[in-house]
1. Which members of segment 155-164 meet the condition of being over 15 Å from T190 (Cβ atoms) and either of a type in the set (A, V, I, L, M) or open to solvent by 20 Å² or more (accessible area, probe 1.4 Å) (or both)?
2. Taking segment 93-117, which residues are free of Cβ contacts under 8 Å to residues at least 40 places away in the same chain, among the small types (G, A, S) and out of contact with any strand residue (DSSP E or B) (no Cβ under 8 Å at 6 or more places or on another chain)?
3. If you scan segment 3-38, which residues turn out to be over 16 Å from the mean Cα position of the chain (by Cα), outside any helix (DSSP H, G or I) and modelled with pLDDT of 90 or more?
4. Check R89, R98, R105, R135 and return the single one that is open to solvent by 30 Å² or more (accessible area, probe 1.4 Å), of a type in the set (D, E, K, R) and assigned to a loop (DSSP other than H, G, I, E, B).
5. Which residue out of L69, L65 is part of a helix (DSSP H, G or I) and open to solvent by 20 Å² or more (accessible area, probe 1.4 Å)?
6. Please tell me if D120 is among the acidic types (D, E), without any contact (Cβ under 8 Å) to a residue 60 or more places away in the chain and under 27 Å from Y21 (Cβ atoms).
7. Just checking, which of A152, A191 is under 17 Å from the mean Cα position of the chain (by Cα), surrounded by fewer than 16 Cβ atoms within 10 Å (Cβ to Cβ) and within 18 Å of A111 (Cα to Cα)?
8. Taking segment 39-54 only, how many residues are more than 17 Å from N255 (Cα to Cα) and without any contact (Cβ under 8 Å) to a residue 12 or more places away in the chain?
Amino acid sequence: MAWRSFVAMGDSFTEGMCDEYPDGTYRGWADLVATRLAVDSGPDFGYANLAIRGRLLDQVIAEQLEPTLEMRPDLVSFAAGGNDILRPRVDPRALVERIDPVIARIRATGADVIMFRFADVAVHIPGGQRMIGTRAAVLNDGFQEIAERHGAHLIDLFADDAFLHREMWSDDRLHLSAAGHRRVAGHVLTALGVGVEEDWMLVPPAPQPTPWRLAVSADLRWAREHLAPWVGRHLRGRSSGDLITAKRPILAPVND
């Protein structure tokens, strides 16, 4: 099937954080998917990316759902809730309940939908399994149930052990690296039945175990450079995306 238009909804995962173009803007898996889909569809293929880093689920729904429906795309990706589960008081089951009617509305337009079971980010964060592992599992299981209920394409990144590889992630350990984004794009295109560049699915050889002292030093540096600023913004009620707007707010050819 050749889709004529694609709208990507979500947060930093879909915005493409840490996969930088030379000008400092971000590419990410959704741009890669759109570029490949345009090859089959032709120059009239339209792509919009409404995702903004730091957005919580309710913000994604409030800011991005109606614009997406108004554009009436053939294909929509929805990935949100990851920022919510980083907060200790969130109820992941309530997140799932709020996502279900969103997917139902999108599917009711006739659009195909892409959803995700997120990769295991907790494995790279000190104490991550204890802090967010259970909440992430509930969200992932909820995404799977919703995708099955509404006939959406489910991309199961959690089941892909390649994402346990440190090089699939950026220095902040929360966002994918360029290699990670390419692998996500490969999974999406495969699920859509579209050919994919083989090197997108390559995984570097497993690194040698890091000596204990070096591992502790790396964890402390990560906490200082990435965790502490995030906590500071959270305590002030700020987000990394407060001053950011969507990079592709309307449907347009991928080269625009």
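The values are calculated or read from the model by the stated rules, or taken from the named source; none is laboratory data. Just so it is clear, the structure is predicted and the values come from calculations on it, not from any experiment. Positions of Cβ are generated from backbone atoms using ideal geometry, with glycine treated the same way; all protein chains shown enter the neighbour counts. The area values use the complete protein model at the heavy-atom level, side chains included, leaving out ligands, DNA and RNA. Shrake-Rupley method; radii C 1.70, N 1.55, O 1.52, S 1.80 Å.
1. F158, D161, L164
2. Selection gives A94, A108, G110.
3. W3, R4, S5
4. R89
5. The match here is L69.
6. So D120 does not fit the description; no.
7. The unique qualifying residue is A191.
8. Matching residues across segment 39-54 total 0.
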